[in-house]
Amino acid sequence: MRRYLSAAAVRLPAKLAGIFAVWCVTLLYVLFQGGKTSFMLFTMVSVLLAYLLAGGFAGVRRARGARTLSGDGDKLDVLHAGGHLRVKLEIALPGFLPLPFIIVREMLKRHNGESWVFEESVVPNFRGRGELKFQTPPLERGRYTFSDTEVASEDIFGLVEHRGTFLAQGQFRVLPRIVHIPRWMLYERNSRLSGPQASLSPSRRETTQINGVRDYVYGDRMSRIHWNATAKTGAWKSKEFEHESLPKTMLILDGTSSAYSSSAQFELAVSTVASLLGYGIRERIGIGMCCLDRNTKVFAPAESGTERQKMVQYLIDINGEGKGPLVPRLEKSSRMFPKGAYFVLISPQTGENVLRTLRWAEGMGMTPCHIQVQNPPGMRRGDWQDELQSHGVIGYKVSALHELPGALGGN
């Protein structure tokens, strides 16, 4: 008998076990003593114990919730690194027992294992419904998921604490930071940094091949008017001609873990690639990407926004876990690199490993270029740019994302 009582005491909370012991005493008091006083005490303790047990089987243990995520606008469209996220969690507590307040604990997990905990008290209404609103801290690039929500409450006497969990779906992705790049000297005609295949992107001549129809712009010649489209729509329409093609570009992101001295430096490299992808889409440049991470992933050059979105989405989950020299990892996917393309290596590395990579690109018929991602200002810088120039290779250096437009534009 003592063994069963001990097992039951272990399962019950300490305070609840104490109240159950008092109930047993009052029961014995009624059985052996009798009288109105003993019966009154037994009734009060029984009601209290029933209330505590009912609160354990209802309320927070069967709590449910729904989560709504929103960004700067009314809904979550696109969230870039450094932005905030507003979260609204609606909680429903079944049952009719009143609860003075509940403690809600949320956990937000990032794809690399980092996590944030949000804890707040909520006062539910008479229907057992409550609402929790909070804002996340500035979020970095990555994939985020909310784990199980924990809800805790105490009875109105503060004797016993009850806990429950529920899962309210909540997943979202944070895109890398980007910066607008107005111009890139690599593509400017007659620039000392340009290769023999470069042409001036703002002055790309139009071909005679019609690419579509666009709205009439004041100043268009009469020969450009598309009369059939104008007659069908009732509005002036002009012919859209294809432009001369620019050399394709391959962006090579060095994901070697030992090459980066900090996570901020790797984030700068990822943001550089994302910003260059945006420039390529705006300028209608066939641009591709190669990520040298734990696994090598290559995207063929493309001009469509859809392909660009696939590349940016891939950048969200990259962690920089690559190992080994660059050339052997590039050779596995050498057939994906088109001849005559620009080979733009984004890497903090310098020295023979990078020179060997750039020579490999030249041997594949591509024009090499290196964007050196440096440590923040104030740290040691070498003469790597002079060495690249002596080898006839285009080189840039950036230590912060806001420096990228000026470095590429020659400012």
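Couple of notes before you dig in:
- Remark: pairs (first residue in the range 128-142, closer than 17 Å to Pro176 by Cα and without any contact (Cβ under 8 Å) to a residue 12 or more places away in the chain; second residue open to solvent by 10 Å² or more (accessible area, probe 1.4 Å) and assigned to a loop (DSSP other than H, G, I, E, B); Cβ separation under 7 Å; 6+ apart in sequence or on different chains) are absent.
- Tally of residues being open to solvent by 50 Å² or more (accessible area, probe 1.4 Å), farther than 26 Å from Val327 by Cβ and either among the aliphatic types (A, V, I, L, M) or at pLDDT below 85 (or both) across the range 376-409: 5
Quick grid of which residues meet (1) open to solvent by 40 Å² or more (accessible area, probe 1.4 Å); (2) among the polar types (S, T, N, Q):
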residue	(1), (2)
Ser258	yes, yes
Ser275	no, yes
Ile285	no, no
Gln309	yes, yes
Val312	no, no
Ile316	no, no
Tyr342	no, no
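- Residues in the range 170-192 that are surrounded by fewer than 14 Cβ atoms within 10 Å (Cβ to Cβ) and modelled with pLDDT of 85 or more were compared, and the one that is farthest from the chain's Cα centre (by Cα) is Pro182.
- One residue stands out among those in the range 226-235 that are surrounded by fewer than 15 Cβ atoms within 10 Å (Cβ to Cβ) and either in a strand (DSSP E or B) or of a type in the set (A, V, I, L, M, F, W, C) (or both): the one that is modelled with the lowest pLDDT, which is Trp227.
- Flag if Ser38 is over 29 Å from Gly170 (Cα atoms), surrounded by 17 or more Cβ atoms within 10 Å (Cβ to Cβ) and at pLDDT 75 or above: yes
- Among (1) under 32 Å from the mean Cα position of the chain (by Cα); (2) at pLDDT below 90; (3) open to solvent by less than 30 Å² (accessible area, probe 1.4 Å), the one test that Val373 misses: (2)
- Of all residues in the range 302-328, those that are more than 19 Å from Val344 (Cβ to Cβ) have Cβ atoms under 7 Å from Cβ atoms of residues that are open to solvent by 40 Å² or more (accessible area, probe 1.4 Å) and among the aliphatic types (A, V, I, L, M), 6 or more apart or on another chain, in Gly305/Ile281.
- Selection within the range 262-307 - among the β-branched types (Val, Ile, Thr), within 19 Å of the chain's Cα centre (by Cα) and over 17 Å from Leu404 (Cα atoms): Thr306
- Sub-9 Å Cβ pairs linking a first residue in the range 385-397 that is over 14 Å from Leu186 (Cβ atoms) to a second residue that is in a helix (DSSP H, G or I) and modelled with pLDDT under 85, at least 6 apart or interchain, are Lys397/Trp384; Lys397/Gln385, ordered by first then second residue.
- Scanning the range 193-225 for residues that are of a type in the set (A, V, I, L, M), at pLDDT 75 or above and outside any strand (DSSP E or B) returns a single hit, Met222.
The values are calculated or read from the model by the stated rules, or taken from the named source; none is laboratory data. This structure is a prediction, so every number in the text was calculated from the model and none was measured. Cβ: placed from backbone, ideal geometry, glycine included. Neighbour counts: every protein chain shown. SASA here: full protein model, heavy atoms, side chains in, ligands and nucleic acids out. Shrake-Rupley method; radii C 1.70, N 1.55, O 1.52, S 1.80 Å.
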